[in-house]
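Below is one structure, written out as structure tokens; the observations come after it.
The values are calculated or read from the model by the stated rules, or taken from the named source; none is laboratory data. Please read all numbers here as calculations on a predicted model, not as lab measurements. A quick note on method: Cβ atoms are made from the backbone with ideal geometry, for glycine too, and the neighbour counts reach across all protein chains shown. Heavy atoms of the whole protein, side chains included, go into the accessibility calculation; ligands, DNA and RNA do not. Shrake-Rupley method; radii C 1.70, N 1.55, O 1.52, S 1.80 Å.
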Amino acid sequence: FPWCTVRYILSQGANFRYNFACSTSFIVIITMEDVTFDKLYDNYNTLSDAKDKIAEHSGEYLEAIESTKGGEKEKKLATQIITKFFKHFPALQEKAVEAIFDICEDEDTTIRIAGIKALPSLCKDNLNYTLKVTDILAQLLQVQDPQEYNVVCNSIMQVMTLNAKIIIKSLFKQVNEPDSYARDKCLKFLVTKVKGLDKSIITPEIEDFIISEIKNSLHAVQGHEYVELVGFLKSTRVSQSFTGQQELVQIAFEKAELDKEFDPLDQETNHVDKLLTCIKLVMPYFSSKVESTKFVMYICDKVLPKWNEIGEGQQGELLQLAILREL
């Protein structure tokens, strides 16, 4: 349409949704009421048959993007069209990615799953969207449906083969945010899925990155989270050298807070459990080269003088026995 016609339509406050696919010579106005499932299917065939001239059919692709707001059948077919032809329409990719994100938040589980499965393909066709997609996938790990959760895990693994570092960084980002609803699921994914990956994905460079991220995260976690991350760290090559073993022991020293006074009655800090946990984690590494001296001195100088107080607490005798065993 000429500009004068477009201005007239807009001035009349037309009661339809519109989008503009612009070039230097024309403007196409798309009316969403006309985009049915059959029309989408025709668009799919048109795009498939276009081959080298596919760029001339941005209107059909744009209709697919907008159809993610339609009915169930339209959403599923639109998701397929967006994914299959994503790389051919760089000018519409941002809009396409946002449309797939909306699909991933749909009320219908089957539609959400279709969107989640599509996400790795977007990254494969344009690596610039990897960070945005991985952040969404990390958030999606908190889904409750087991089937949907497995699909999220599979999608993360697919993106991992494209850029493992970005995935790992996104997961640790959630772990380091205390208020993140997804942090527990992200931590679980790290210690159950990423930890067991083979060397084709976890290269020496990626392993170094994981080691660095774990060390940065240890200050932000407590209890079982600390145990799981240290367990992950112990599975890397850090534990295979005396230098690495000394580093693990030093981390345990710092986490046990040996510079602070020992208070067996402080329920919030729970000094006894923390001390025992830290010792058990690094016990296999103590040797003539990796000394346990700081722990021994702390127990003798700070813990044993408060022996009776430990015994008076909850499960006091069991804690006393555990301390003696570790000593």
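Contact map, the range 170-192: first residue in contact (Cβ under 8 Å) with a residue 40 or more places away in the chain and closer than 22 Å to ILE202 by Cα, second residue open to solvent by 60 Å² or more (accessible area, probe 1.4 Å) and not in a helix (DSSP H, G or I), Cβ cut-off under 6 Å, separation 6 or more or different chains; pairs are LYS185/GLN142.
Yes/no per residue for (1) modelled with pLDDT of 90 or more; (2) under 32 Å from the mean Cα position of the chain (by Cα); (3) more than 25 Å from GLU213 (Cα to Cα):
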position	(1), (2), (3)
THR243	yes, yes, no
GLN246	yes, yes, no
LEU258	yes, no, no
PHE262	yes, no, yes
CYS278	yes, yes, no
GLU309	yes, no, yes
LEU318	yes, no, yes
LEU321	yes, no, yes
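Of all residues in the range 255-283, those that are assigned to a loop (DSSP other than H, G, I, E, B) have Cβ atoms under 6 Å from Cβ atoms of residues that are among the aromatic types (Phe, Trp, Tyr), 6 or more apart or on another chain, in LEU258/TYR298. Among the residues making up the range 24-36, a single one is within 19 Å of ALA96 (Cβ to Cβ) and either in a helix (DSSP H, G or I) or modelled with pLDDT of 95 or more (or both): MET32. Residues that are more than 30 Å from SER241 (Cβ to Cβ) and in a loop (DSSP other than H, G, I, E, B) were ranked within the range 285-327; the one that is least open to solvent (accessible area, probe 1.4 Å) is GLY313.
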